[in-house]
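Peer 1: Here it is, the structure in full.
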Amino acid sequence: MRILDRNIIKYKFSFLLSLLLLLSGEAFSEQQRVSLRWKPSQGAESYLIELSEDRDFLRVHHFYKTKNFRYEFNSQDSKFYVRVVGINVDGGRGVSSPIISLADKFAAAPKVKVERPSTVVASSEELRISLGDPKTSGPSTNTPGSPNSQKQVPVSTYYRVNGGEWQRYDGSISLSQEGWNEVEFYSEDILGNKETPKKTKYLKDTTAPQVRLIGEKKGQSGLIEIKSGAELTLQVTEEGSGVEEITINLAARDGSGAEVNLTLSGEETKQPIKISSSGIDGLSILRWEANDKAGNYIQSEIPLLIDAKHPVCVFAPTEGKLREDGIYYLKENGLIAIRCEDPGTGSGLSKLEYKIGNGSILPYQTPIGFNTGIHTVTVYTSDRVGNRAEFKIKVNAIKPDWQKTGSELQEK
């Protein structure tokens with residue numbers, strides 16, 4: 001007990017519960033659903049959602065276990081009280097949440113006609129459903145006015161899942177198969193009166209939506225590299241209960257520049273999601289959080305290198321200098337060297353080419369030599385994501401035996 005007490009003291013989970021009214025049901029039938037949400041509790045590895053017929057929880061009728069922060073109740077749970085208990089990795093229980101009457105919440109929930117074929121059951125690693133108390137259900141064989149008309153003959157309830165073997169119902173049914181489960185059940189009294197089997201369907205969904213970035217590859221930095229302003233494409237896959245909401249954030253790690261915040265839900269998530277990177281530069285983080293209608297939740301992030309700047313080039317004459325008139329003057333055997341660099345947060349230099357006058361474009365490999373005269377040099381450069389730049393300079397290559405001209409000094 002002392003070890004358990006210490007666990008409880010160490011993990012005093014606190015809960016803030018909220019209830020949402022949701023709608024679901026069989027095709028064109030009137031159904032109700034109530035959703036319970038709570039804030040994650042520090043130290044809790046999973047949660048027990050316990051249901052009881054009495055407010056004091058003298059006996060737990062049945063429970064659901066989940067690692068998520070949301071659970072959805074259907075009408076079979078409407079008569080119960082509910083509380084949430086956090087469980088740590090060692091199995092220690094935390095402090096229970098406030099107790100809520102599901103009967104009160106279902107009484108306020110509207111009934112509507114829906115087209116979905118059945119009820120969505122919240123995700124649970126140990127999903128159990130209740131058909132009610134087997135001791136009180138079942139038909140009565142007494143006719144009104146007889147001495148025993150208020151008494152019920154003992155009954156037994158039987159069920160089977162997905163066409164399997166019939167089993168005796170003891171208060172809850174465990175559903176182990178992911179996806180849709182068909183549950184059939186009927187009651188039979190000790191006199192042999194047997195009701196017609198009923199059918200219901202439940203969707204067990206324990207898989208969170210899958211989100212992935214498509215169409216992008218890693219660059220030489222080891223990160224996904226894109227040009228600033230290009231679109232990123234996220235694809236969401238959810239084969240269970242359907243996506244309820246996805247929130248996306250894209251921002252530079254240092255907090256500079258623009259930032260993208262996007263929230264989508266329902267049908268909007270079924271098509272590829274386009275995210276613009278306009279105005280963002282440098283090491284950035286793409287984050288997303290997504291949850292489905294069964295309460296499964298996922299969050300993830302990807303570091304990106306978003307490059308908004310083109311390479312920068314400098315020119316250096318080996319024999320000569322840049323004059324104030326903006327022209328590079330070369331001495332005999334002088335050459336022009338070109339050095340281009342991508343900024344520190346860039347994707348790296350990809351191409352460096354040049355041409356002299358109207359000549360052919362050539363790859364730059366070694367410093368460039370020139371014939372005598374004035375020349376225009378155009379330099380083309382680009383980085384690995386497609387940022388391009390063009391630079392132009394003028395070069396005057398002078399012969400060493402050029403003729404001096406000018407006025408001679410005249411003696412008086």
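The values are calculated or read from the model by the stated rules, or taken from the named source; none is laboratory data. Because the structure is predicted, anything quoted here is derived from the model rather than measured. Note: ideal-geometry Cβ built from the backbone for every residue, glycine included; neighbour counts use all protein chains shown. We work out accessible area using only protein heavy atoms, side chains counted, and drop any ligands, DNA or RNA first. Shrake-Rupley method; radii C 1.70, N 1.55, O 1.52, S 1.80 Å.
Peer 1: Any idea how far apart Ala103 and Ser276 come out in nm if each label point goes 7 Å out from Cα toward Cβ?
Peer 2: Between Ala103 and Ser276, the label points sit 5.6 nm apart.
Peer 1: Under the definition of Cα pairs under 8 Å and six or more residues apart, what whole-number percent is the relative contact order of segment 297-400?
Peer 2: Across segment 297-400, relative contact order equals 31 percent.
Peer 1: Over segment 312-398, give the accessible area per residue in Å² for a 1.4 Å probe, as an integer.
Peer 2: I get 59 Å² per residue for this part.
Peer 1: Rounded to the nearest 5, what is the percent of antiparallel bridges among the DSSP beta bridges in segment 210-307?
Peer 2: 90 percent
Peer 1: On to the next question. Starting at the first residue of segment 50-64, write each ³J(HN,Hα) from the Karplus equation 6.51 cos²θ - 1.76 cosθ + 1.60 with θ = phi - 60°, in whole Hz, x for Gly and Pro.
Peer 2: In residue order, the calculated couplings are 9, 10, 9, 7, 10, 5, 7, 6, 5, 8, 7, 6, 7, 8, 10 Hz.
Peer 1: Could you pull out the chymotrypsin sites (Phe, Trp or Tyr not before Pro) across segment 358-402 that fall in loop regions by DSSP (anything but H, G, I, E, B) with no more than 13 other Cβ atoms inside 10 Å?
Peer 2: Trp402
Peer 1: Another one. To the nearest 0.05, what FRET efficiency results for Ile285 and Ile398 with a Förster distance of 56 Å applied to their C-beta separation?
Peer 2: The value I calculate is 0.55.
Peer 1: Please compute the length gained on full extension between Lys79 and Ser350, using 0.36 nm multiplied by the number of residues separating them and subtracting their Cα-Cα distance.
Peer 2: 90.7 nm
Peer 1: Moving on to the next point. Please identify the chymotrypsin sites (Phe, Trp or Tyr not before Pro) of segment 148-207 that satisfy two criteria: DSSP loop assignment and at most 13 other Cβ atoms within 10 Å. Which are they?
Peer 2: Taking segment 148-207 and a limit of 13 other Cβ atoms within 10 Å, the loop chymotrypsin sites (Phe, Trp or Tyr not before Pro) found are Trp166.
Peer 1: Here is a follow-up. Would any residue of segment 373-390 have its amide N under 16 Å from a label point 7 Å out along Cα→Cβ of Leu362? List them or say none.
Peer 2: Backbone N within reach: 373, 375-380.
Peer 1: Here is the link list: Lys309/Lys355; Lys204/Lys274; Lys321/Lys351; Lys39/Lys217. Which ones come out longer than 29 Å on Cα distance?
Peer 2: Lys204/Lys274; Lys39/Lys217
Peer 1: Express in nm, to one decimal, how much length is gained between Trp166 and Ile374 on full extension, taking 0.36 nm for each residue of separation and deducting their alpha carbon distance.
Peer 2: 65.1 nm
Peer 1: Now for a separate question. Can you work out the FRET efficiency for the pair Arg55 and Lys217, with r the C-beta to C-beta distance and R0 = 60 Å, to the nearest 0.05?
Peer 2: Working from the Cβ atoms, E equals 0.55.
Peer 1: Once the Cα gyration tensor of segment 326-397 is diagonalised, what are the square roots of 5 times its eigenvalues, in whole Å and ordered largest first, as equivalent ellipsoid semi-axes?
Peer 2: Value: 25, 12, 10 Å, ordered largest first.
Peer 1: What whole-number value in Å² describes the accessible area per residue of segment 210-307 for a 1.4 Å probe?
Peer 2: Value returned for segment 210-307: 50 Å² of accessible area per residue.
Peer 1: Go through segment 244-295 and name the trypsin sites (Lys or Arg not before Pro) that are in a DSSP coil and have 15 or fewer other Cβ atoms within 10 Å of their Cβ.
Peer 2: In loop regions of segment 244-295 (DSSP not H, G, I, E or B), the sparsely surrounded trypsin sites (Lys or Arg not before Pro) are Arg253.
Peer 1: Using heavy-atom solvent-accessible surface (probe 1.4 Å) with all chains present, what is the largest-first order of Thr366, Thr269?
Peer 2: Thr366, Thr269
Peer 1: OK, next. Starting from the Cα-Cα distance between Ala389 and Ser174, subtract it from 0.36 nm times their residue separation and give me the gain in nm to one decimal.
Peer 2: 70.8 nm is the gain from fully extending Ala389 to Ser174.
Peer 1: Estimate the FRET efficiency between Thr237 and Leu262 by the formula 1/(1 + (r/R0)^6), using the beta-carbon distance for r and 22 Å for R0, to the nearest 0.05.
Peer 2: 0.75
Peer 1: Once you charge only the Cβ atoms, +1 for Lys and Arg and -1 for Asp and Glu, what is the size of the charge dipole of segment 179-277 about its Cα centre, to the nearest 20 debye?
Peer 2: Roughly 400 debye, rounded to the nearest 20.
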